[in-house]
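Everything below concerns the one structure shown next.
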Amino acid sequence: MNRLVVFLISAACAVLLGGCDAIGKTHNYQYFKDHPDEARAMIGECRLNGTRGMDKEGNAVCDAATTAYQSIQYEQAHSK
C-alpha cells in the first residue's frame, strides 16, 4: 500500500513539474514555428480540453500553435 501511495505522489509531482516547465516558456508563433512537435502537441491539448472559458493568454497560445503548424504544413506542401 505504501508503495502505491509513493508512486501516485511521484506521478503527481512529475505532472506538476512538467506543467511548470511549460508555463515558464514563451509560447508564441515563432516558438511553435521552431518547434513543430510542440505545436502539434499543443494543438492536440487545445482540442482535447477545448478553449471555451480559457483565459486570453491560453487562447493566444492555442492560436499561435495552430497558425504556426498550418504555416509549416503549407511550406512543406509547396516546397516540393
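The values are calculated or read from the model by the stated rules, or taken from the named source; none is laboratory data. What you are looking at is a predicted structure, and each value in this text was computed from that prediction instead of being measured. A quick note on method: Cβ atoms are made from the backbone with ideal geometry, for glycine too, and the neighbour counts reach across all protein chains shown.
Is it fair to say residue 14 is in a helix (DSSP H, G or I), at pLDDT below 90, among the small types (Gly, Ala, Ser) and exposed (fewer than 14 other Cβ atoms within 10 Å of the Cβ)? Yes; evaluated as a whole, the condition is true for this residue. Residue 54 meets the conditions (1) part of a loop (DSSP other than H, G, I, E, B); (2) surrounded by fewer than 17 Cβ atoms within 10 Å (Cβ to Cβ); (3) under 11 Å from the mean Cα position of the chain (by Cα) in every case but one. The failed one is (3).
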